1. Towards the positive end of the charge dipole of the stretch 233-352, with charges on Cβ (+1 Lys, Arg; -1 Asp, Glu), say which of A252, A268, Y306 has the farthest Cα.
2. Neighbouring Cβ atoms within 10 Å as the yardstick, rank R310, R361, R217 fewest first.
3. When the expected Rg is taken as 2.2 N^0.38 Å, what fraction or multiple of it is the alpha-carbon Rg of the stretch 365-445?
4. Equivalent-ellipsoid semi-axes (√(5λ), Cα gyration tensor) for the stretch 214-259, whole Å, largest first?
5. How big is the shadow of the Cα convex hull of the stretch 135-263, averaged over all directions, in nm²?
6. N259 to Q6: FRET efficiency via 1/(1 + (r/R0)^6), r the Cβ-Cβ distance, R0 60 Å, to the nearest 0.05?
7. With charges only on Cβ, +1 for K and R and -1 for D and E, what is the dipole size of the stretch 368-437 about its Cα centre, in debye, rounded to 20?
8. Can you list, bin by bin at 20 Å, the percent of alpha carbon pairs in the chain, starting at 0?
Amino acid sequence: MGQASQALRQRYQLNSITPAWARWFDGEWNQDLPAGSFRKPLPTNTLLSEAPQDIWAGFMLPDTLPLISNEYGDWLCIRVLPTGELGELVHWYHGGGDWIPIGNTLVEALLHDVIDQFRPVRKQVLRGASETLQTGHHREVLDRFADDFRQGWFSQAVEELAPQAKRLPADFLHQLEQGEYSVCLQALEKHGLAIDAIACDRIEDLLQNPLAVIANREIAEAVGLQWSPDFVRILFDPQLATAEMRQAICDAAGISPENWPQQDWAQAQNYAEQVLSRRQDLGWAFNIAGWAQYRNGHVSAAIEHYWAGRFASSFSDQSVRVRTHWFPTKHHKFATAQLLSLHKDGHEAATKDPYLEVIERSATNATHADLLTEFWLDQGRNQLDSHDFPAAYRSFYQAGWDIGARRLESYRQILAGAVEAATGAGWNALAAVAATHLACFTARTAR
């Protein structure tokens, strides 16, 4: 372990750093490695400062540190675990604070980033969308990825994770040249690499790409529907369109009713439920699994998914990619909107739950955000008083990143609470990261 990685370990009170991460933080090859859109690594010395200016405090998750920028505002961030180890990497989107996990190791994240540049385009501003890519971007990515140094590193790093997968980088180079994006996803999935990111990619592929023929605003206008929420609702699940509306859309799109787009909800449900068997913090997985059950008439099973997912951060729902952003905005989350709708229809979906009661009695989005922030802050304070420090940390986390605090100043007490709770729980590394976010917040708001 070199001097820089040792300093980082001490700075954030990490229990250990793996040899692979030590090589990264010591800068042995980090500037030349990335081949996708994330190409600008943050120098380790920057992270050693008291208040690193690249930490978007109050926006980035308070248990993460930024590592690599795409120079468009997004970051690959590394999570710090309660154990004091480095955990998964997440793609943090600057345009709203959304995030998605992209692997437990650097090679998974960087390999997925290369493949993600070839994700089929839909008309939305997302990484990989043609509207945000320069002409020749795909060729440039392939040329960088084909470089002997990068191919050698990727092959060696993948082999350490899955010996039988050593040839994946070379295979991907050929497959991406041929436009075989889905084949690359399936190969990563087969070898258990970046599996949560792949699940979301596959769900988008199964549910949204079949709708490309009708997914444009001109068709929505032609049939007399507002794009959002009305037409987006149909794009989420075309089964929601009436027979008359379906015919009108077919006429506007120039397709026959026999060629009405077909989604694969069964397979999408399978991917979502696989994710839920591994983790319980991704809103999109709950939303897709719940709706798949609901559309098949299994209302009780749908309610179970929505209920379990009501606390998942709204920043984790990937609502634009999977088209769940047609619910009433005052509910802020697809899962809570569905629970309250089902309850109104007479189902036992939202009874005697303090969290949902706060949402129900909120008259406006602003009031809603304030009430929910205060709800979680009260929980956190009470848990601190009772010395339930792990629960208090989770509550302060929710106060800032459930739906987001409306008042920027709220993040001062949210982050301070997270520091106190993590310290009380003996999570020294998490306390150090949260304290750094607090220092960054203080520095920004003092300007």
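1. Y306
2. Details: R310 20, R361 10, R217 13.
Final ranking by Cβ density, sparse to dense: R361, R217, R310.
3. Taking the Cα Rg and dividing by 2.2 N^0.38 Å, one obtains 1.03.
4. On the way: eigenvalues 44, 28, 15 Å².
So the three semi-axes of the stretch 214-259 are 15, 12, 9 Å.
5. On the way: hull surface 40.4 nm².
It is 10.1 nm².
6. Computed FRET efficiency for N259 and Q6: 0.45.
7. In total the dipole reaches around 180 debye.
8. 23, 56, 20, 0
Computed from the coordinates by the stated procedures, all read-outs in this text should not be read as laboratory data. Predicted model only: the values in this text are computed from it and were never measured. Neighbour counts run over all protein chains shown; Cβ positions are idealised from the backbone, glycine included.
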